[in-house]
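The values are calculated or read from the model by the stated rules, or taken from the named source; none is laboratory data. Predicted, not measured: the structure shown is a model, and the values here were computed from it. We place every Cβ from the backbone using ideal geometry, glycine too, and count neighbours over all the protein chains shown.
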Amino acid sequence: MSRELQVDREFASYMPDAGEVSDVGLEAAILKEGCRDAVCVWGDVQNKSDVPVIVDGHRRYEVCRRHGLDFPVCEMEFADRDAALEWIMDTQLSRRNLTDEQRTYYLGELARRREVPHGRPGKADTLSAFSTVSDIAEKHSTTPRQVRRAKEYAEAVDTIAEAVPELKEKILKKKAGSAKAVKALAKKPKKEIEKVAKEVESGVKSLDEAVLPKKPPVDPLDEAVDDLKAVFLKFKAIEGSQRVLHQLTIAMQDAADMVRKAELLALEWVGV
């Protein structure tokens, strides 16, 4: 099939950029062997008036359209847009080529979206139908605590993206800074976020250097004193262990003497 499909900007934003090398490799493979993996869509491909929306396979679609190649299509059914987005995130989390930042972000986004039931809120009888933090953690081989942290991280990334959209991609590609720095930046005013983004983009500072508090310089003399203290404590611990060992040795000798005396008394008792 080579008909036109619809690219939804929000859906496409959850597809990580694989990089130029990976894209070139994908294009070469498709030109040589054809498109073997289906482009997954939401919508009826037989309905000419309703253009199906791509939910997976954006880059395969782009390559095939560019070269006029046919490609297989897999139709998906979703209750609504939120369900489609959850499926996209679940699918991304199953991939092996994600950075730690991308995996954490998708996990957090999934947790955020499953906090409130689809459709109209306030229906208590529908709450059980949706995955809890524990369910998400179990499905993706992590812990509920990590899922909650991922949710905080995803919220921070999106807050930064509202101020500087291009910084989001840099963060998720592991080219900006630590999760601690990301969360710290998200708490700052928009102008400060924009200022930090320029510093990171120009290479003047890393995100951690620009946001996290600087550690005071270490005095070499203080460091040497701390090392000596550590050595002293080790020797003191060894000395204490030797003292305890000496006391145990004496106690064992006393116990052995008592056993020998008991044996002599027993022999005298039986008249040997």
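A few comments on the model shown:
- For Thr104: the one exception among (1) at positive phi; (2) modelled with pLDDT of 90 or more: (1)
- Looking across region 8-48, the residues that are β-branched (Val, Ile, Thr) and modelled with pLDDT under 90 come down to Val21, Val24, Val45.
- Residue match in region 73-82 (condition: of a type outside the set (Val, Ile, Thr), on the phi > 0 side of the Ramachandran plot and at pLDDT below 90): no
- Sole exception among (1) closer than 21 Å to Lys174 by Cα; (2) at pLDDT 90 or above for Arg96, by number: (2)
- Of the candidates Asp100, Asp50, Asp70, the single residue that is over 22 Å from Gly25 (Cβ atoms) and touching a residue at least 60 places away in the same chain (Cβ under 8 Å) is Asp100.
- Given (1) closer than 18 Å to Leu93 by Cα; (2) at pLDDT 75 or above; (3) surrounded by 12 or more Cβ atoms within 10 Å (Cβ to Cβ), index of the condition Val196 fails: (1)
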